[in-house]
1. In square angstrom, what is the accessible area per residue of segment 4-154 with a 1.4 angstrom probe?
2. Around PHE4, which amide H atoms from residues at least 5 apart in sequence, or from another chain, sit under 5 Å from its own amide H, with H modelled in the peptide plane?
3. What pairs in LYS115/LYS138; LYS6/LYS110; LYS37/LYS90 have C-alpha atoms more than 25 Å from each other?
4. Based on Cα coordinates alone, diagonalise the gyration tensor for the chain, multiply each eigenvalue by 5, take square roots, and list the semi-axes in whole Å, largest first.
5. Run the simple label-point estimate for ALA152 and SER181 please: 7 Å along Cα→C-beta, distance reported in nm.
6. I need the peptides 2-12, 107-117 ranked by packing, meaning the mean over residues of other C-beta atoms within 10 angstrom, with the highest value on top.
7. Once the Cα gyration tensor of segment 10-97 is found, what semi-axes does its equivalent ellipsoid get, as square roots of 5 times the eigenvalues, in whole Å, sorted largest first?
8. With θ set to phi - 60° and the Karplus curve 6.51 cos²θ - 1.76 cosθ + 1.60, what are the ³J(HN,Hα) couplings of segment 31-44 in order, to the nearest whole Hz, using x for Gly and Pro?
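The values are calculated or read from the model by the stated rules, or taken from the named source; none is laboratory data. Not measured: the values here are computed from a predicted model. Glycine gets a Cβ as well: all are built from the backbone with ideal geometry, and neighbour counts include every protein chain shown. To get the accessible areas, we keep the full protein, side chains included, count just its heavy atoms, and leave off ligands, DNA and RNA. Shrake-Rupley method; radii C 1.70, N 1.55, O 1.52, S 1.80 Å.
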Amino acid sequence: MISFEKIEVVNRLHQDYVFETLQNYGAQYDKIWIYDKIHHKINQFCSCHSLQQVYIDVFDQIDEVLKEALQADCRDYAPGIEILSVHVTKPAIPNSIRRSFELMEEERIKLLVAKEQQRMTEKVAETVKKMAVSEAQKNAQVSMIQMEQKLAEQNSIREQEDIRNAIFLSKEKSIANAEISLGPFSFSDD
């Protein structure tokens, strides 16, 4: 058994319907169409929902649901009455049940905190992984550039050796050709 300490309903009677409403329902029209009905509507709402839903899950919707239900009845049977707002206070429930809800809420919050911490840990791990991959790619690129430089240096040294060898061979050929074309000459000092 739960009880709502206070239910406030703000309504307005349209000027065009004042005479008709007072003639049909008297000066206490709001008792008939609002105050007596609000108890019925709140009972209907509570009977369709569990204590968990009424006290926690859908409590924030009770005001609007009651306002719409009251307005629907007024629109059909007392069209001059406009429901402006409804405010329902948190229901009073036995302390043992309230404590159970508080414990459940604490556990729910702990679970949300744990999930958030896990999500943050995963994000940090993902960031560390991305940084490691980026660092490895950078190192691989630096290593590739260094290897290309060494290959270029070796190619340059090989080309210089080939040029020296070609010059040496050319010089040796020239000397050999010169010896062949001069033939055997003998020189004497006499």
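1. In whole numbers, segment 4-154 has 72 Å² accessible per residue.
2. The list, which skips near neighbours in sequence, is ALA92.
3. LYS115/LYS138; LYS6/LYS110
4. Details: eigenvalues 2253, 118, 16 Å².
Result for the chain: semi-axes of 106, 24, 9 Å.
5. 4.3 nm
6. Details: 2-12: 13.1, 107-117: 10.1.
Output ranking for 2-12, 107-117: 2-12, 107-117.
7. Details: eigenvalues 180, 27, 21 Å².
Square roots of five times the eigenvalues give 30, 12, 10 Å.
8. 5, 5, 8, 10, 5, 6, 6, 4, 5, 5, 5, 5, 5, 4
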